[in-house]
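K.L.:
This is the structure I have questions about; it appears just below.
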Amino acid sequence: MRLLSLFCLFLSVGPGWAAPPVLRVPIDCTFGVSCFIQQYVDADPGPGARDYTGGPLSYDGHKGTDFRLPDQEAMDAGVPVRAPATGRVLGLRNDMPDQLVTDAATVSGRECGNGVVLDHGDGWQTQLCHLAEGSVLPRVGEIIEAGQIVGRIGLSGLTQFPHVHLSVRRHGVVVDPFVDRLWAEPPAYEPGGFLSIGVSDDVPQFTEVKAGTADAPSLAADAPALVVWAAMFGGRVGDVIALRITGPNGRDVLQHDATLDRTQAELFRAAGRRLTGARWRGGVYTGTATLFRDGQMLDRIETRISIR
């Protein structure tokens with residue numbers, strides 16, 4: 001009986017039998033509010049791209065899961081990146097600048113930017129990419145516990161938005177943690193939605209939206225226009241973004257529906273109304289954006305602004 005117990009124990013821990021790592025989300029956030037999964041592992045073996053559900057939230061050859069922030073303002077506030085599982089640090093990088101890269105050749109071989117590779121045993125590895133310059137804390141060879149802070153979200157390497165990219169590999173082969181059910185608490189799949197919203201006195205540049213500086217806390221009563229804008233991820237052809245501004249008297253100042261003519265990973269839409277009188281009515285105005293897909297409401301976001 002004892003020999004049988006020892007044999008079963010050997011099978012449970014011997015080579016090739018070790019349990020895979022149980023992963024935790026690498027950032028502390030509220031999905032759909034302060035963070036979003038913009039891209040998943042590419043499940044299409046050919047030249048196209050699809051995520052594990054068959055949706056378009058990926059791109060050709062993408063090898064990980066991208067946990068993004070709404071904008072760079074949120075990044076600048078400092079969002080810690082945590083180890084997804086206990087492991088030993090195999091390698092790291094910590095000296096690449098945080099910047100939007102337009103030419104991939106400038107970061108060739110360093111697309112991950114600043115990051116950490118962790119070894120979890122039995123051929124399992126995870127890699128965290130795009131951390132902020134100078135924020136990586138551990139040393140090579142150090143044992144990191146699950147949930148331990150390893151750095152902050154940044155814009156290093158080949159990236160167009162602030163996020164942490166998590167790759168999972170076994171013996172060098174990419175593993176999708178959603179397909180292989182590696183999450184301790186799997187994040188819910190969101191097929192697209194709003195990142196941010198704001199009201200301003202002019203249509204902002206997309207760079208301002210991405211930076212988080214396009215919204216105004218208040219406007220003067222003689223502002224030349226009232227403009228509501230909303231940024232989103234995972235837009236699909238045929239989606240309708242309904243933009244509204246409601247005045248302090250409860251009446252609509254603006255109603256505009258924008259229909260997307262193509263599928264886009266990230267985008268924003270804006271609509272506005274020019275001042276026709278001497279001044280806007282003072283008080284609190286509400287800007288809202290509602291996303292409809294196939295006739296059903298998928299997401300809604302709102303903001304308020306004071307006019308004095």
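K.L.:
Among residues other than residue 293 whose Cβ falls under 11 Å from its Cβ, what is the net charge (Lys/Arg +1, Asp/Glu -1)? All intermediate terms of the calculation are to be shown ahead of the outcome.
P.N.:
Values: positive: 236; negative: 239, 294, 299.
Overall, the nearby charge balance is -2.
K.L.:
Mind telling me which of 287, 91, 157 comes out most flexible in a GNM of the chain, alpha-carbon contacts under 10 Å?
P.N.:
Looking only at 287, 91, 157, the largest GNM fluctuation is found for 91.
K.L.:
Keeping all protein chains in place, calculate the accessible area per residue for the chain (probe 1.4 angstrom), answer in Å².
P.N.:
49
K.L.:
Can you give me the long-range amide H partners of residue 299? Hydrogens built in the peptide plane at 1.01 Å from N, cutoff under 5 Å, separation of 5 or more residues or another chain.
P.N.:
Amide H neighbours of residue 299, under 5 Å, 5+ apart: 291.
K.L.:
Consider just the alpha-carbon atoms of the chain and return their Rg together with their Dmax, both in angstrom.
P.N.:
Cα radius of gyration and Dmax of the chain are 22.9, 93 Å respectively.
K.L.:
Provide the net charge surrounding residue 138, with neighbours chosen by a C-beta distance below 14 Å and charges set as Lys +1, Arg +1, Asp -1, Glu -1.
P.N.:
+2
K.L.:
Expressed as an acute angle from 0 to 90° and rounded to the nearest 10, what is the orientation of the C-alpha long axis of helix 2-13 relative to the principal long axis of the chain?
P.N.:
Roughly 40 degrees between the two axes.
K.L.:
Starting from the Kirkwood Rh over alpha-carbon pairs, what translational D in µm² s⁻¹ does segment 163-308 have by Stokes-Einstein at 37 °C and 0.692 mPa s?
P.N.:
The estimated diffusion coefficient comes to 192 µm²/s.
K.L.:
Take the solvent-accessible surface of the protein heavy atoms, probe 1.4 Å, and return the percent of it on the chain that carbon and sulfur atoms account for. Could the numbers behind the result be given before it?
P.N.:
Values: 7740 of 15050 Å².
Using a 1.4 Å probe with all protein chains present, the chain comes out at 51 percent carbon and sulfur.
K.L.:
Given R₀ = 25 Å, FRET efficiency for residue 31-residue 297 by Cβ-Cβ distance, to 0.05?
P.N.:
Working: r = 18 Å, r/R0 = 0.73.
Plugging the Cβ-Cβ distance into 1/(1 + (r/R0)^6) gives 0.85.
K.L.:
Taking amide H atoms as placed 1.01 Å from N in the peptide plane, list the residues 5 or more away in sequence, or in a different chain, whose amide H sits under 5 Å from that of residue 148.
P.N.:
Answer set, sorted by chain and number: 83.
K.L.:
I've got another one for you. As a test question: what accessible area, to the nearest 10 Å², does residue 210 have when a 1.4 Å probe is rolled over all protein chains in place?
P.N.:
40
K.L.:
Need one number for segment 62-138: average projected area of the convex hull over its C-alpha atoms, nm².
P.N.:
Over all viewing directions, segment 62-138 projects a mean Cα-hull area of 5.9 nm².
K.L.:
Let me ask something else about it. Note down the nm distance, to one decimal, between modelled labels 7 Å out along Cα→Cβ at residue 240 and at residue 139.
P.N.:
Here the answer is 6.1 nm between the modelled labels.
K.L.:
Continuing with this model, one more query. Kindly list the residues of segment 242-286 that lie in the label zone of residue 306, defined by a backbone N under 16 Å from the point 7 Å along the Cα-to-C-beta vector.
P.N.:
Counting only backbone N, you get 248, 281-286.
K.L.:
If one computes the Cα centroid of segment 54-85 and of segment 236-258, what distance in Å separates the two points?
P.N.:
29
K.L.:
Something else: Quote the FRET efficiency, to the nearest 0.05, computed for residue 184 versus residue 60 with a Förster distance R0 of 22 Å and r equal to the Cβ-Cβ distance.
P.N.:
After rounding to 0.05, the efficiency reads 0.15.
The values are calculated or read from the model by the stated rules, or taken from the named source; none is laboratory data. No experiment lies behind these values; they were computed from the predicted model shown. Positions of Cβ are generated from backbone atoms using ideal geometry, with glycine treated the same way; all protein chains shown enter the neighbour counts. For accessibility, only protein heavy atoms count, side chains too; no ligands or nucleic acids. Shrake-Rupley method; radii C 1.70, N 1.55, O 1.52, S 1.80 Å.
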